[in-house]
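Asks: Following this message is one structure expressed as structure tokens.
The values are calculated or read from the model by the stated rules, or taken from the named source; none is laboratory data. Because the structure is a prediction, the values reported are computed rather than measured. Note that we place each Cβ from the backbone using ideal geometry, even for glycine, and neighbour counts take in every protein chain shown.
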Amino acid sequence: MNFNSPEFLLFFPTVVLIYLAVFRREHLRDGVLLVASYVFYMSWNWRYAGLIAFSTLVDYGIGLRMAKEERQRQRKALLLASLTLNLGLLGLFKYFNFFVSLAQDGAQLMGHDVSFLYHRLLLPVGISFYTFQTLSYTIDLYHRRIEHERSFIKFAVYVAFFPQLVAGPIVRAFEFLPQMHSTPNVTRARVDDGLRLMFQGLVKKVVLADTLATLGVDAVFANPRAFSSWDLLFGLYGYAFQIYCDFSGYSDIAIGAARVLGYELTPNFNRPYLSQNVREFWTRWHISLSSWLRDYLYIALGGNRGSPRRVRFNLMVTMVLGGLWHGAALNFIIWGAYHGVLLMFARKATKHDDEAALAVKVRRRALTFHLVLVSWLLFRVTGWENFVDYVWGLGQLSWGTRLSGLYYVVLAAAAALHFYPKGALERLGERFTRLPAPLQATAYAGLMLLFITVSFGAPSFIYFQF
Amino acid sequence: MRLKDLSTPLWLLVLLLGLEAGLELRAHLRGWETLLLGPGPIQRAEAAGDVSYGPREDYPFWGPVHGQARSPGTLRIWVASTSHAAPMDVPKSRIFPTLMERECSAAGRRCEVLNASEPGLLVDENIATLEALAPAWRPDVAVLYQMANDVSALSGEYLGAQDPSAHERPAEAPEPLLPSWPARTGERTTTWVLVKTNLTSRLVPSRVLADGLGAAGEARFLTAVERFVVRARALGIEPVLVTFAVSHRADQLQQMPEPWQYYVYSFNMHLSIAGWMQTVRELNQGLYAMASRLDVPIIDLDAAIGGQSALFSDFHHFKWEGHERVAQVLTKALLQDRETAR
């Protein structure tokens, strides 16, 4: 059940109406959210509901035990149990076949066959996201940064909360669980604002990301040799804005849906292509993941402490694992390593230099954008041959375009939306939500017709695969 | 949280329902079947009027009703097709399978045509219908005339967006299933149909469209047709293939009216019009090769009417005149074939 599907159009209002009916009774309210979250999750594959329930149950139990346990050694054992279980499941479902395939390559050279080790289990939707959420809970509990959660229902809602379950933002327990212990703040203004964010996300996803994909990006990447260098370059620009609009659109819908229900989720994007260096990029792109990796991996490895060589090692390990988090494939590992190298060079750069002259800032931003663009090529290609074809095609410096005028218009619109000043966009949003309800609804009805118009049967959100 | 906090979404719901109701009423008054109002006045009148035409409970085919028992000396013809042989904009009495019976009579033969066509069917679905119903109705020959639905479905599969990393990663989402109930219902709304037909189809030419279905997709279609031949023979029925005819040939592309092009794009968002023509040409050649290899009769409808746009209501559906002509060509070929065999 994608956010841009007819099923969600039926599901979400139904959940909101039931939620409204039981709103004053805390247990029922939590119960409705839990049932709705599991129904949402099971719409992909009901079999894996047991997996998320098992993960929830174990981490809830570990949390209870850890709260009672004062002995450090026992607490550490409990933390290790949580890490082993969560990362073990993630490894089994997401990485096992990948490592078997690497082993198979080696074994074949020596005349052996290990292909019998492959499993045929499907990768559960959102496992990378909810695993990181539950891990943050037990790690924070271990470091005594948070109190343990006594209510199983509330903890289960935290793990499975449907707006952000399958593609984030990755929510930390200290941000979410306290909200569950107070009456959610639902007013007409907040509902309208949530609805506006949901539609903003749908515009990014359906009108911009999917249209970029179907008008050009998919075709260009599918057969790079059939396009000029110009088309390949603009296909890559298109992909940069497609992935931004796709993922930040999902985050907007998730944040908006949560806000309609009275909950706040952390922002996940902040105009990342305005970054003046790659270090800043990672404070603006997929913020919930990059901050998770920083807090629970980079700092755990030693962070900025130690020799320059050690810091570089910490950076590289963090980014390679960050790449691997996105998918069990070599291109994601190379993508992560590439960002690791860029971050090493960017370590000395200032985070954001407002004092620099405009021309300097523009130059830095353009350089950073194009460095990131190279990483999107690594991210998007379907294999080594596809990568070579693409780079070879770019190197031909050939002109001419097979991409339509509409493609360039949509690309310009996506770029404009990204670069539009955040404050101005928010003010515009606030003014819009102050309009009378029938006027807002008319605008949304018009947008829904636009969504139907531009939907060509596009694939689901890119980040669902992670 | 109170109901009035939801006033904007409630207004949105009212507006969308109001829009759909208004558009449905307009469509209904023009004679169309709609989601909420059901069959249009013309379809209702036709359904209530003449009981000598199917489909009925005891006769699941479009056209004049015949009993299951066969009269001696009658040639019983099974027509396996799609919207091309269904009464879409043409009454049941004027679609080509019905007219084939008249053509037979004019030639001094008695034929009973069992028209098992349904809009939207794929070849494999036509095979399933044949296997389910043919044993009881025992036709002599089974004429297969279809291509467009399969080409659209296959082009979605072979030319549509691919998950960039699906080749090396187990699918996180389950296998695609048939559209769910909300999706199917949504696609039956008049709003959806009007937007898709009038607006989306105009955007399709802005995509990078394919110039052909490609070898893999074409092989899939021809394999399905071969299955039809094998299954029909297994049921003791003589299969007959028919080449697919379209309104314009490649050299007439510029003459194709824009609305016809948009109509094509509203069903297939992957193939260019030239790509469509190329695909039809290649698949017709494939049908000929198959007919020769499997020793199956083939009727070249493409040679008879292809490119004669006056016989078509759009790129590949027939007008009344087209149905007349198709009935003549098919009947003549079928009867000739029987005479030769005799």
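Asks: Please identify the pairs in which a residue from region A:67-87 that is in the same structural domain as A:Ser151 (by TED's automatic domain parsing) has its Cβ atom under 6 Å from the Cβ atom of a residue that is surrounded by fewer than 17 Cβ atoms within 10 Å (Cβ to Cβ) and acidic (Asp, Glu), counting only partners at least 6 apart or on another chain.
Replies: Qualifying pairs under 6 Å: A:Arg75/A:Glu69.
Asks: If a residue has to be at pLDDT 95 or above and surrounded by fewer than 18 Cβ atoms within 10 Å (Cβ to Cβ) to count, how many in region B:266-285 make the cut?
Replies: 2
Asks: Separate question: Quick one: B:Val229 ticks every box in (1) closer than 22 Å to B:Ile305 by Cα; (2) in contact with a Leu (Cβ under 7 Å, 6 or more places away or on another chain) bar one, so which box is it?
Replies: All conditions are met except number (1).
Asks: Of the conditions (1) away from every other protein chain (no Cβ under 14 Å); (2) touching a helix residue (DSSP H, G or I) at 6+ places or on another chain (Cβ under 7 Å); (3) modelled with pLDDT of 90 or more, A:Val410 fails just one. Which one is it?
Replies: A:Val410 satisfies every listed condition except (1).
Asks: Continuing with this model, one more query. If B:Trp260 meets every condition in (1) part of a helix (DSSP H, G or I); (2) within 30 Å of B:Ala136 (Cα to Cα) apart from one, which number is that one?
Replies: Unmet for B:Trp260, out of (1) part of a helix (DSSP H, G or I); (2) within 30 Å of B:Ala136 (Cα to Cα): (2).
Asks: Take the residues of region A:12-61 that are assigned to a helix (DSSP H, G or I) and of a type in the set (Lys, Arg): which is surrounded by the most Cβ atoms within 10 Å (Cβ to Cβ)?
Replies: A:Arg29
Asks: Something else now. Being part of a helix (DSSP H, G or I) and either touching a Lys or Arg at 6+ places or on another chain (Cβ under 6 Å) or not polar (S, T, N, Q) (or both) narrows it down to one of A:Arg305, A:Arg364, so name that one.
Replies: It is A:Arg364.
Asks: Sticking with this structure for a sec: Show me the strands (runs of 3 or more DSSP E) found entirely inside region B:1-115 where at least 3 residues are under 26 Å from B:Arg138 (Cβ atoms) and in contact (Cβ under 8 Å) with a residue 12 or more places away in the chain.
Replies: B:59-64, B:74-81, B:110-115
Asks: Look at A:Leu301 and say whether it is modelled with pLDDT of 90 or more and either farther than 30 Å from A:Ile253 by Cβ or not small (Gly, Ala, Ser) (or both). Working first, answer last.
Replies: Numbers: modelled with pLDDT of 90 or more: no; either farther than 30 Å from A:Ile253 by Cβ or not small (Gly, Ala, Ser) (or both): yes.
It is false that A:Leu301 is modelled with pLDDT of 90 or more and either farther than 30 Å from A:Ile253 by Cβ or not small (Gly, Ala, Ser) (or both).
Asks: Something else: Criterion first (in the same structural domain as A:Tyr420 (by TED's automatic domain parsing) and surrounded by fewer than 21 Cβ atoms within 10 Å (Cβ to Cβ)) does A:Ala222 satisfy it?
Replies: Spelling it out, A:Ala222 is indeed in the same structural domain as A:Tyr420 (by TED's automatic domain parsing) and surrounded by fewer than 21 Cβ atoms within 10 Å (Cβ to Cβ).
Asks: If I filter region A:15-32 for residues that are away from every other protein chain (no Cβ under 13 Å), over 19 Å from A:Asp252 (Cα atoms), under 25 Å from the mean Cα position of the chain (by Cα) and small (Gly, Ala, Ser), do I get at least one hit?
Replies: No.
Asks: Criterion first (part of a loop (DSSP other than H, G, I, E, B) and of a type in the set (D, E, K, R)) does A:Glu175 satisfy it?
Replies: No: the conditions fail for A:Glu175.
Asks: Could you please give the count of residues in region A:421-446 that are among the β-branched types (Val, Ile, Thr) and facing chain B (nearest Cβ under 7 Å)?
Replies: So the first thing to find is which residues in region A:421-446 are among the β-branched types (Val, Ile, Thr), and the list is A:433, A:442.
Next, from what is left, pick out any that are facing chain B (nearest Cβ under 7 Å): A:442.
Total satisfying the criteria: 1.
Asks: Looking only at residues that are outside any loop (DSSP other than H, G, I, E, B) and within 20 Å of the chain's Cα centre (by Cα) in region B:286-302, which one is surrounded by the fewest Cβ atoms within 10 Å (Cβ to Cβ)?
Replies: Residue satisfying both the conditions and the ranking: B:Gly286.
Asks: Testing B:Asp124 on (1) assigned to a helix (DSSP H, G or I); (2) closer than 13 Å to B:Ala327 by Cα, one condition comes back false. Which one is that?
Replies: (2)
Asks: Separate question: Only one of these is within 12 Å of chain B (Cβ to nearest Cβ) and closer than 23 Å to A:Leu261 by Cα: A:Phe8, A:Phe3. Name it.
Replies: A:Phe8
Asks: Go through region B:218-236 and count every residue that is more than 18 Å from the chain's Cα centre (by Cα), surrounded by 17 or more Cβ atoms within 10 Å (Cβ to Cβ) and either more than 14 Å from B:Asp295 (Cα to Cα) or without any contact (Cβ under 8 Å) to a residue 24 or more places away in the chain (or both).
Replies: 1
Asks: Across region A:259-293, which residue is farthest from A:Arg347 (Cα to Cα) among those that are over 16 Å from the mean Cα position of the chain (by Cα) and not in a loop (DSSP other than H, G, I, E, B)?
Replies: So the residue we want is A:Val260.
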